[in-house]
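A quick write-up on the structure given underneath.
The values are calculated or read from the model by the stated rules, or taken from the named source; none is laboratory data. This structure is a prediction, so every number in the text was calculated from the model and none was measured. Please note: Cβ atoms are built from the backbone with ideal geometry, for glycine as well, and neighbour counts cover all protein chains shown.
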Amino acid sequence: MPALPPLASPAPAVPSPARTALLTVVALIAFAGNSLLCRVALKQTGIDAASFTSVRLTSGALVLALLVLWRARGLCADDAPTRPWHNGNWTSAGALFVYAAGFSFAYISLSAATGALLLFGVVQTSMIGWGLWRGERLQPLQWLGLIAASAGLVWLLLPGLATPSLSAGLLMASAGVAWAVYTLRGRGAGDATAVTAGNFLRATPLALALSALLWTQAHWDAPGLLLALASGALASGLGYAVWYTALRGLTATRAAILQLTVPALATAGGVLLLGEPLSPQLLGASVAVLGGVALVIAARAPARR
């Protein structure tokens with residue numbers, strides 16, 4: 001998913017431009033792939049949303065923990081920072097859980113394109129709103145972009161042939177707010193991969209508790225479990241690790257603008273792979289949201305790495 005905190009381990013080596021480009025493409029495809037994998041699993045297989053969330057977070061936690069341990073294999077065994085469970089915190093883990101659960105339950109009825117656009121739009125507008133609340137001042141063009149993005153989100157939920165249900169829209173909006181909180185809390189938290197691993201490990205029991213609470217409604221099959229594993233281990237766990245590596249060769253502004261491609265990739269995947277319709281309402285809302293956010297980002301002062 002987009003909007004991850006651009007952090008890396010101390011004194012990392014900056015990848016070459018070609019390697020940065022390759023890693024960036026892989027990471028963005030992985031983020032868009034999460035929407036497609038979740039939508040396919042909940043629409044075409046026998047897995048329920050709570051089970052999908054539990055498998056996704058558990059497999060993601062395992063992959064990230066193994067990455068942290070493998071990376072620290074040459075360090076002292078009793079060095080606390082090398083242990084994934086010593087990183088992260090329960091507040092961020094709670095936000096991660098709310099994001100993952102809202103994401104899954106929303107995709108029961110949302111299309112891949114609509115869900116990705118809602119999630120991305122809410123994440124970005126929430127973070128921009130937080131900056132305003134903290135005293136950040138926007139230029140006129142940035143205000144125009146923020147208004148356009150907000151109007152696009154409202155337009156997406158207005159009554160129409162392809163309008164998502166209000167409950168599904170609110171679930172995805174809650175997931176977006178939770179991911180914005182998770183991202184803002186992650187800034188300056190240290191080693192991004194280790195912190196993410198710790199948060200995934202803490203969010204896993206929360207997801208398992210949700211599955212236990214909804215046990216009477218639980219159901220799954222082999223294809224659904226495989227898609228949930230792919231979402232957690234590949235699109236989430238490895239996807240985040242690849243993204244953090246790519247960020248070493250990107251400026252903050254370039255990374256933020258590149259993330260604008262995630263909803264577009266999810267939309268293309270939904271149309272080409274899932275046969276989802278591409279309505280004029282979705283196209284118009286996409287232009288307003290993505291264009292508005294791009295305007296806000298591009299008009300900012302020159303960004304640091």
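What do you reckon, is residue 53 buried (at least 24 other Cβ atoms within 10 Å of the Cβ), under 13 Å from residue 229 (Cα atoms) and not aliphatic (A, V, I, L, M)? Against the criterion (buried (at least 24 other Cβ atoms within 10 Å of the Cβ), under 13 Å from residue 229 (Cα atoms) and not aliphatic (A, V, I, L, M)), residue 53 qualifies.
Would you mind finding the one in 267, 204 that is closer than 29 Å to residue 65 by Cβ, among the polar types (S, T, N, Q) and more than 15 Å from the chain's Cα centre (by Cα)? Going through 267, 204 in turn, just one is closer than 29 Å to residue 65 by Cβ, among the polar types (S, T, N, Q) and more than 15 Å from the chain's Cα centre (by Cα): 204.
One residue stands out among those in the stretch 1-56 that are outside any helix (DSSP H, G or I) and within 13 Å of residue 103 (Cα to Cα): the one that is modelled with the highest pLDDT, which is 48.
Residue 221 meets all of the listed conditions (1) surrounded by 16 or more Cβ atoms within 10 Å (Cβ to Cβ); (2) out of contact with any Pro (no Cβ under 7 Å at 6 or more places or on another chain); (3) farther than 18 Å from residue 21 by Cα but one, namely (1). Residues in the stretch 270-279 that are touching a residue at least 12 places away in the same chain (Cβ under 8 Å) and over 18 Å from the mean Cα position of the chain (by Cα): 271, 273, 274, 276, 277, 278, 279. Contact annotation: residue pairs with Cβ atoms under 9 Å, 6 or more positions apart or on different chains, pairing a residue in the stretch 68-97 that is surrounded by fewer than 17 Cβ atoms within 10 Å (Cβ to Cβ) with a partner that is modelled with pLDDT of 80 or more and charged (D, E, K, R), are 85/202; 89/185; 89/202; 90/202; 91/185.
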